[in-house]
Structure formats: C-alpha cells, structure tokens
Amino acid sequence: MKPQANLMSLDDALAAVLAQAVRLDAPEMVDTFEADGRVLWADAVSPLQVPPLDNSAMDGYAVRCADVAQAGVVLPVSQRIPAGHVGEPLQPGTAARIFTGAAVPQGADAIVMQEDADVQPDGSVRINAVPAPSQWVRKAGEDIANGSTVLHAGMRLTPAALGLAASIGMAQLRVARRPRVALFSTGDELVMPGAVAPQDMPPGSIYNSNRFFLRALLQRLGCEVNDCGIVPDNRDATMRVMREAARGNDLIVSTAGVSVGEEDHVKPAVEALGELGLWKISMKPGKPFAFGTIFSQDADGSGQRKRTHFMGLPGNPVSSFVTFLMLVRPFVLRLQGMENVTPRSVRMKAAFDITKADARREFLRVRYAEQGSVELFKNQSSGVLTSAAWGDGVVDNPAMTTIQRGDWVRFISFAELLQ
Ligand code: AMP
Ligand code: MG
C-alpha cells in the first residue's frame, strides 16, 4: 500500500486551521476561585517575594550556629515565635522556640528541629545535634522573587496555577473570554436518548452519541456551548440552523453529512452562506473534514460582515472524537490565546502488533498496561466508540508503519488532550 497522494496531511490541515485562529478580543476578569481551566490573558508579575521573610521549615528552635559548636550545648529559651509573628532579634547565647512558618528572628541562622532538642527542667533547651548553617530555614523569595513573572499569558490555568496566583495576592485574573461554540448533529437516523426508549427505537435509528462527547469536550476546553440539536438531512434545514448558529457564535461545529453523497448537505449549505474547504485528511480514523466561514450581518450595525468559523466533523463517533482532538481542540485553544497547542507525546512500549501498514497516519486507541507499555483495543473501527471510552489515549502511528510488540511508540494521553 502506498501513501495516498490525494489526501491532505494532518499537519497541513492543522496549519491551515490555525492560520485562521485569531485570539478573541474582550477578555474578562474572573475570580481566581473560578479561573480553573481558563486561559490567562496577560503575564502575572509578582509585586512581592514569596515567602516574604526567612521562615522556619520546622517546629523547633532558632539558634546561632556559633553558639552550638558541639552537641549537648544548653541554651536558655529567650522567646517564643508562633507562625504569623515576628520575634525580637535573637540574643547571642540563647535559643528561640519557633514554629513552622514563623519568621526566623534576626541574628538566628539555623533551626534545630524539636526532635533534636530536649527541654530541661529549668526551661532551657539542650541541642543534641550541631546545626548546619541555614538548616531548616526557608529563604525569603525562594519560591517567587519580587518582580518575577509567575504565570505567563496564554497558559491554561491549573489548580496549582490558581494557588500560585493567590500566593502573590491576585484575587481576580484576566482571562480570555469563553469561545461561543454552536454545536449541532446532522442525520435523519439520530434520536436523542430519553426521547425514545431503547425498545421503541424505530428500525434504522440510532442514539445521538456525538452530541454528548462533543459538548463535554468543548466545555472542558473552556468553551460556552450553544447546542443547536439535531438537524435533519436536508439542505434547507441545514442552512436555517447554520444561519441561526452564525449569530452570536465564534465557531460552529457540526457532525456528519460532510462527505459528498446526496445525503450530505453540509457542504452546499456552507457554500451558500460563506466559504468552505472540504478536505480529505490522511488520518485514521477521520478523513472527511470541513473547514470554512459563514458570513452574517453584524448585529452592531457597523455594516461589516461578521465571520463565524465553521468546522464539520465526520459522523462516525470515533472519527468525530479523534478529529475533534486533533483539529478542533487546537483551534478553540488558540481562540483563547493559547500559544502551544500541540499535545505532548511520550514514548511508550507497544504491548501489541500492527502487522499491516496503513496508508494513513493512525490514532490507535490504547490503554496503559504493564511496565510502561500500552495495549490496543481489539476493535479499531471508527464506529466503535467503546475504544475511546476504554482507552487512556492514542498511539500516534505514522503512515506506512507497522508495529511490533516491544517497539517504542508515541503515546498521547487523553488527559493531555483535555488540558
Ligand atoms: P455520515 O458522515 O453522515 O455519513 O455518518 C457516518 C456514520 O456516523 C453513520 O453510520 C452515522 O449513522 C453515524 N453518525 C452520524 N452522526 C452520529 C451521531 N451524532 N451519533 C452517533 N453516530 C452518528
Ligand atoms: Mg449521514
């Protein structure tokens, strides 16, 4: 089998898609508490150092090393410094009782943990181990220097990042606004779960599964989803929804109907309302993918045509899922200003064989197995959504490549793809 020359490579498709992804304007301020998963608009620069003062990493005694030249020295305890308090300068020849997080008193240069000290009947303390200079002292600014950039514009905020923002006093953060994404599914065969009970499903009908995972994926990636439901397989209905969806949304995502069969109405509908590229991408699962623009009159009366991006995914559930991850995900992240949208892959060992080379780059659904290896879901058909729910991620297998058990493969985890 030879690589198929008439197909577009995924890298080229991604480059073309990203070339159209301009960061959305109108960022918004959100409470840091609510900012998980949002994309930071501007660098966060620290107005202070963290920790603010040298402080103790242990419950114990602050001492001057010069006073404890050997083990067994007994020092009077001159003061007590709990967390949140700053003591007096430490008098030579004395120790200060100190607790974790409390500021190290001026003059002290080490902390002796309480496990290495014995309180004497008269209240003085015996130091049983010679302290090394700076021992158990957390240095002022060791986490964050004053004026340093703590969080970078274009990063997706994680729980740890929120904590870091809080540690420099930021109660609110400026983040990209959520892309507004209209989502609809096409297909006369589709029925919503809940609308018809399984035993009453008419022959030939199936439940609409794409709608569920696409909506969840978009939401996880920070989008506001405007669900436009199921659209029957006819051109007028497709155009009506498309026109409606273009209003007020940044992006329209649809599934199915993107081939060029008589029952595929997405292409003519988009062409009537805007511009469309319909690509056959050399990826498996995947292949048909539509990318274009819908024009509508701008509501603000400026007379300018408003452009809404359009992405049409294949109908087969796994094709739809994988195409979303490889093309829609980077696009919606870039709309939010995220720079690096390429998922990181890691090397894993294959616990399976692929004996037949495929002409297309393939994303094999796999899951973690023993000792740094991944195992393959047995049915890699693009209609078998079980593979995606079962898997922990995909192996990105180049075109024309066989795999032998024990070979290194490039693995991209679903966790990585949802960051
Ligand atoms: P199409 O792209 O319209 O030719 O659809 C390809 C396959 O995907 C067909 O078997 C459809 O029934 C199936 N399909 C399309 N849309 C959905 C959906 N929303 N949920 C589940 N399966 C779908
Ligand atoms: Mg169809």
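Here are a few things to note about the model shown:
- Rolling a 1.4 Å probe over the heavy atoms of the protein chains gives the chain an accessible area of 48 Å² per residue.
- For the range 243-336, convex hull volume per residue from C-alpha positions, Å³: 95 Å³
- Averaging the Cα positions of each part gives two centres, and for the range 185-249 and the range 92-171 these lie 56 Å apart.
- Working ranking of peptides 181-188, 411-418, 392-399 by packing, defined as the average number of other Cβ atoms within 10 Å per residue, highest first, is 181-188, 392-399, 411-418.
- Accessible area in the full protein assembly, largest first, 1.4 Å probe, for Ser134, Ser254: Ser134, Ser254
- Surface accessible to a 1.4 Å probe, Thr386 within the full protein complex, Å²: 80 Å²
- The order of Asp227, Asp353, Asp250, Asp25 by accessible area, most exposed first and with a 1.4 Å probe, is Asp25, Asp353, Asp227, Asp250.
- Whole-percent carbon and sulfur share, accessible surface of the chain, 1.4 Å: 50 percent
- Across the range 331-341, computed HN-Hα scalar couplings (Karplus, 6.51 cos²θ - 1.76 cosθ + 1.60, θ = phi - 60°) run 5, 5, 6, 5, 4, 8, x, 6, 6, 8, 10 Hz from first to last residue, x flagging Gly and Pro.
- Semi-axis lengths (Å, descending) of the ellipsoid that matches the C-alpha gyration tensor of the range 113-263: 62, 22, 11
- Rounded accessible area of Tyr207 (nearest 10 Å², 1.4 Å probe): 70 Å²
- Using a simple spin-label model with pseudo-atoms 7 Å out from Cα toward Cβ, Ala237 and Val74 lie 9.3 nm apart.
- Less than 5 angstrom separates the built amide H of Ser9 from those of Ser282, all sequence-distant by 5 or more or on a different chain.
- Near the amide H of Ser373, within less than 5 Å, lie the amide hydrogens of Lys349, all on another chain or at least 5 residues away, with H placed in the peptide plane.
- Across the range 314-361, the volume of the C-alpha convex hull divided among the residues equals 122 Å³ per residue.
- Potential lengthening between His152 and Arg215 on full extension [0.36 nm per residue; Cα-Cα distance subtracted]: 19.9 nm
- The per residue volume of the convex hull around the alpha-carbon atoms of the range 260-419 is 131 Å³.
- Semi-axes of the equivalent ellipsoid for the range 1-140, computed as √(5λ) from the eigenvalues of its C-alpha gyration tensor and ordered from largest down, come to 58, 20, 12 Å.
- Accessible-area ranking of Lys378, Lys349, Lys306, largest first, probe 1.4 Å: Lys378, Lys349, Lys306
- For Met400, the accessible surface of its heavy atoms amounts to roughly 70 Å² (probe 1.4 Å, protein chains only, rounded to the nearest 10).
- Max-minus-min Cα coordinates of the chain on each principal axis give 95, 61, 46 Å, with the largest extent listed first.
- Kirkwood-based shape ratio for the range 146-198, expressed as Rg/Rh from alpha carbons: 1.34
- Each 10 Å bin from 0 upward holds the following percent of the Cα-Cα pairs of the range 359-404: 28, 54, 18, 0.
- Working note: Cα gyration tensor of the range 282-371, eigenvalues times five, square-rooted, sorted largest first, giving semi-axes of 36, 17, 9 Å.
The values are calculated or read from the model by the stated rules, or taken from the named source; none is laboratory data. The structure presented is a predicted model; accordingly, all values stated were derived computationally and were not measured. All Cβ positions, glycine included, derive from the backbone under ideal geometry; neighbour counts span all protein chains shown. All accessible areas refer to the heavy atoms of the entire protein, side chains included, with ligands and DNA or RNA removed. Shrake-Rupley method; radii C 1.70, N 1.55, O 1.52, S 1.80 Å.
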